[in-house]
Amino acid sequence: MASLQLWLLRHGATEWAVNGRHTGSTDLPLLPEGEREAQALAPVLAQQTFAAVFSSPLQRARRTCELAGLGDQAQIEPGLKEWDYGDYEGLTTPEIRAHVPGWSVFSHPCPGGESSEQVQQRCERVIARASQVASAADGAICPVALFAHGHILRSLAGCWLGRGPAGGAQLALGTGSFCVLGYERQNRALIHWNAPVIQP
């Protein structure tokens, strides 16, 4: 079996991402700068051959995948949808903390939304699906691309490292960035994290 390598690709900027608003199921388009971020990923990804490409069904992830040059390979993966924030959809962290001091999606519940346990189950299913691809792949390394959203990708990385979604709390992730999860001496590891293509 080839060694699985997960390329995590966060979508480009949207209006709510720029404003710090929690964007779960609200299906916002990319801003022009978000499209530029997505296009800037293309030269990086063109250097890699992916065994599979999975995308969240939400348009900001699908459009990023297309502009990054992998739209023709993409398969929709519902497990890559952003965290369901429930009653906190569209709110900023300071707005939530005005009522719940110290609130974080990684440490506190989202009323009417998903629990950390539910998110972990989704992440583990995505990892298992990618692992199935690796089990059928030839070669030493099997890269799989995942186009999705900030909190779900951070949670997935936390799960990869055995820390659950809460492990994502220490992993900042900007729009239009890429990350690589893989192995180092048979141990799961971060290979690259939050690598921006367009420098701020």
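So the values come out like this:
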read-out: Checklist (1) in a loop (DSSP other than H, G, I, E, B); (2) without any contact (Cβ under 8 Å) to a residue 24 or more places away in the chain; (3) open to solvent by 50 Å² or more (accessible area, probe 1.4 Å) applied to D27, failing item; value: (2)
read-out: Residues that are assigned to a loop (DSSP other than H, G, I, E, B) and open to solvent by less than 60 Å² (accessible area, probe 1.4 Å), drawn from segment 67-90; value: A68, G69, L70, E77, E82, W83, Y85, E89, G90
read-out: Criterion (over 23 Å from S104 (Cα atoms) and modelled with pLDDT under 95) met by exactly one of A136, A145, A189, A130; value: A136
read-out: D84 being of a type in the set (D, E, K, R) and modelled with pLDDT under 95; value: no
read-out: Matching residues in segment 1-24 - criterion: being part of a helix (DSSP H, G or I) and hydrophobic (A, V, I, L, M, F, W, C); value: W16, A17, V18
read-out: Number of the exception - I191 against (1) free of Cβ contacts under 8 Å to residues at least 24 places away in the same chain; (2) open to solvent by 60 Å² or more (accessible area, probe 1.4 Å); (3) not basic (K, R); value: (1)
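The values are calculated or read from the model by the stated rules, or taken from the named source; none is laboratory data. Treat the numbers as computed from the prediction; the structure is a model and nothing was measured. Quick reminder, even Gly has a Cβ in these numbers, built from the backbone with ideal geometry, and neighbours come from all protein chains shown. Note: areas computed on protein heavy atoms with side chains; ligands, DNA, RNA excluded. Shrake-Rupley method; radii C 1.70, N 1.55, O 1.52, S 1.80 Å.
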